[in-house]
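Reviewing the structure listed below.
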Amino acid sequence: MDLEKLLTDRLAPAFAAVAGASVDPVVRRSQHADFQSDAALALARRLGRPPRAIAADVLARADLTDLCSAAEVSGPGFLNLTIADKTLAGLVSALATDPQLGVPVVAESETVVVDYSAPNVAKEMHVGHLRSTVIGDAAARLLEWLGHQVLRANHLGDWGTPFGMLIEHLVDLGEAEATQEVSMGDLDSFYKAARVKFDADEAFRERSRLRVVALQGGDAVTLRLWRLLVEQSERYFLTVYDLLDVTLTERDFHGESSYNDLLGPVVEELDRLGLLRESDGAACVFPPGSVGRDGELLPLIVRKSDGGYGYSATDLAAIRHRTGRLGATRLLYVVGLPQRRHFEMVYAAAAQAGWLAPPARAEHVGFGSILGPDGRMLRSRAGGSVKLVGLLEEAIVRATALARERNPDLGEAEAAEVGRAVGIGAIKYADLSSDRHKDYVLDWERMLSLDGNTSPYLQYAYSRIRSIFRRAGVAARPEAGISLAEPTERALAFELVGFGRVVGEVAENLEFHHLAGYLYRLAAAFSAFYERCPVLRADGPVRESRLVLCDLTARVLRQGLYLLGIRTPERM
């Protein structure tokens, strides 16, 4: 299905014959033809020949007759290649009958762990959790669709010294009142009240410290109160995930506590391997490649001087468990870019210990921050973190109002459904259409616009196609012949056959803005086609062909948006 690969496979032997060595033909789309190869220019100096002569020699040797209607040398030595309409139409016909839309299921399935979202128990989910949750869910959806076994890991912060403070506050409030407060999602107030008491009351601080000891020692009453906090928080998190329309479930909660019994064996094995060194009383690993400003190796603290364990020990235990017990070969950690150095050190230490050995590999899927209109970190009017639920609800309210304004015929229930799909889709697409390594600005007007590279634009393109079939009262016939007589038909066909290539690349690099950009180009190509090529008013075979192009575009848009976690309303 991949035209670039087909052309590359045909040109590579010809270039190799001319150059006497393997050569990448460097095939790409061109404004002067359908595709262009400029590899002859790079070979000119090495071979001591004019690039046009090299290109002509390659063209004479290449077998392109069944692929191209025209192939010529252009300019200083470019190869301009025009795909035959019959070839392009054949690829579109094959796509129309392919449930995978030209994206093959992987030949060898991997077990992939996607570690994402990771809120803290008894703390509100805020806008800072959005990017991890949205990017991680897109990665899980995509890799699962390709045929990999995907294990979602929601690494909750559910253990450690703050829980002594939180449990004591729960005791002070009484279980019934504390449970109601946490279950209502007022986690910020609960946490802040506990913190205020901890900072101001020495007796409360001492009780909190003793409670930590009891928790770590397995005291039954303390563990019951701790589980109450965890369970109520998890219920709240699930309501947020439902609102955000992500695929995380209660089965995916894997808190820090779940690795607690593995921490001791991790330290023992690191010690047995000779990787532990003492530094200021702490047991540390000094991974290669992690060097500080003074040129010395940086320590990764595995066990603190007081005997407690930090994040590094838990992360190492998780890797050991995921590669050893679960058999995972690809570990994805969807965490903000500021944690890059930490994960580099953890991966290096895990590799030293043999827990992260090929084919297993770990990847930090880093991302930037969400900014407000002032270009600074997005904050609430009071200056605090923006609650994620508040952001999502505002998106839905805004989108629902726009849906009612644009289409007054929508019923109350349908307007609410469209508003949710468009509002949540706008939030997700604004994130995923941006280069994840960079910060981006949350701009409501742009995000909810029906023009430009936005989710509503793509959703509207899908709903417009569905309206064609509602008006026609017929379905497309995938087996119908494809006619590409008009330039906009050819342009749309080229975008459609490019879906598989884009998905394959994104599965490797997890750069979802490339998938978003592709979907936008596809929708724009359809818009141009729709304006210039009547569908229902066309006659006979042309009408059938255009209905197939419409249906295929809708299927690709729907599948592509699904991979991004975005719903496609039938009407808008």
Condition first: open to solvent by less than 70 Å² (accessible area, probe 1.4 Å), in contact with a Leu (Cβ under 8 Å, 6 or more places away or on another chain) and modelled with pLDDT under 95. Can you find one or more residues in the stretch 403-415 that meet it? yes
Could you tell me which residue of the stretch 101-117 is modelled with the highest pLDDT, considering only residues that are of a type outside the set (D, E, K, R) and open to solvent by 40 Å² or more (accessible area, probe 1.4 Å)? S109
Given (1) of a type in the set (A, V, I, L, M, F, W, C); (2) farther than 30 Å from V556 by Cβ; (3) open to solvent by less than 40 Å² (accessible area, probe 1.4 Å), where does A84 come up short, assuming only one miss? (2)
Checking Y259 against (1) surrounded by fewer than 14 Cβ atoms within 10 Å (Cβ to Cβ); (2) on the phi < 0 side of the Ramachandran plot, which single condition isn't satisfied? (1)
Test: residue in the stretch 549-559 that is of a type in the set (K, R) and open to solvent by 50 Å² or more (accessible area, probe 1.4 Å): yes
Any residue in the stretch 457-468 that's charged (D, E, K, R): show its pairings with residues that are surrounded by fewer than 23 Cβ atoms within 10 Å (Cβ to Cβ) at Cβ separation under 6 Å, as long as the two are six or more apart or on different chains. R466/E570
Could you please let me know if L450 is assigned to a loop (DSSP other than H, G, I, E, B) and over 23 Å from H126 (Cβ atoms)? yes
Hits in the stretch 484-529 (condition: in a loop (DSSP other than H, G, I, E, B) and surrounded by 19 or more Cβ atoms within 10 Å (Cβ to Cβ)): L484, G498, L510
If we keep only residues of the stretch 262-310 that are aliphatic (A, V, I, L, M) and in contact with a Gly (Cβ under 6 Å, 6 or more places away or on another chain), then the residue most open to solvent (accessible area, probe 1.4 Å) is I301
Would you tally the residues in the stretch 1-25 being of a type in the set (V, I, T) and either surrounded by fewer than 17 Cβ atoms within 10 Å (Cβ to Cβ) or touching a residue at least 40 places away in the same chain (Cβ under 8 Å) (or both)? 1
From D431, D443, grab the single residue that is buried (at least 21 other Cβ atoms within 10 Å of the Cβ), under 24 Å from G336 (Cα atoms) and either over 24 Å from the mean Cα position of the chain (by Cα) or of a type in the set (D, E, K, R) (or both). D431
Return the pair list, or none, for Cβ contacts closer than 6 Å from residues in the stretch 522-548 that are within 17 Å of F499 (Cβ to Cβ) to residues that are among the polar types (S, T, N, Q) and modelled with pLDDT of 95 or more, at least 6 apart or on different chains. F526/T553; F529/T488
Among helices (runs of 4 or more DSSP H) completely within the stretch 174-246, the ones holding 2 or more residues that are under 30 Å from E144 (Cα atoms) and of a type in the set (D, E, K, R) are 220-244
In the stretch 57-73, which residues are open to solvent by less than 70 Å² (accessible area, probe 1.4 Å) and either closer than 14 Å to A12 by Cα or in contact with an Asp or Glu (Cβ under 8 Å, 6 or more places away or on another chain) (or both)? D57, V58, L59, A62, L64
Need the failing condition index for P358 against (1) surrounded by 15 or more Cβ atoms within 10 Å (Cβ to Cβ); (2) without any contact (Cβ under 8 Å) to a residue 40 or more places away in the chain; (3) assigned to a loop (DSSP other than H, G, I, E, B), just the number. (1)
Of all residues in the stretch 26-50, count the ones that are of a type in the set (S, T, N, Q) and open to solvent by 30 Å² or more (accessible area, probe 1.4 Å). 1
Please state which of the following conditions V121 fails to meet, knowing it meets all the rest: (1) open to solvent by 30 Å² or more (accessible area, probe 1.4 Å); (2) closer than 30 Å to Y191 by Cβ; (3) at pLDDT below 95; (4) not polar (S, T, N, Q). (1)
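Residue by residue, here is whether (1) out of contact with any Pro (no Cβ under 8 Å at 6 or more places or on another chain); (2) open to solvent by 10 Å² or more (accessible area, probe 1.4 Å); (3) free of Cβ contacts under 8 Å to residues at least 24 places away in the same chain holds:
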| site | (1), (2), (3) |
| --- | --- |
| A313 | yes, no, no |
| R325 | yes, yes, yes |
| L331 | yes, no, no |
| Q339 | yes, yes, no |
| S369 | yes, yes, no |
| G375 | yes, yes, no |
| L388 | yes, no, no |
| A395 | yes, no, no |
| T400 | yes, yes, yes |
Polar (S, T, N, Q), in a helix (DSSP H, G or I) and in contact with a strand residue (DSSP E or B) (Cβ under 6 Å, 6 or more places away or on another chain): does that describe T8? yes
What is the number of the single condition among (1) in a helix (DSSP H, G or I); (2) more than 17 Å from R521 (Cβ to Cβ); (3) not charged (D, E, K, R) that V474 does not meet? (1)
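The values are calculated or read from the model by the stated rules, or taken from the named source; none is laboratory data. Quick caveat: nothing in here was measured; it's all calculated off a predicted structure. Heads up, the Cβs are rebuilt from the backbone with ideal geometry, glycines too, and the neighbour counts pull from every protein chain shown. Heads up: the accessible areas ignore ligands, DNA and RNA and are worked out on the full protein's heavy atoms, side chains in. Shrake-Rupley method; radii C 1.70, N 1.55, O 1.52, S 1.80 Å.
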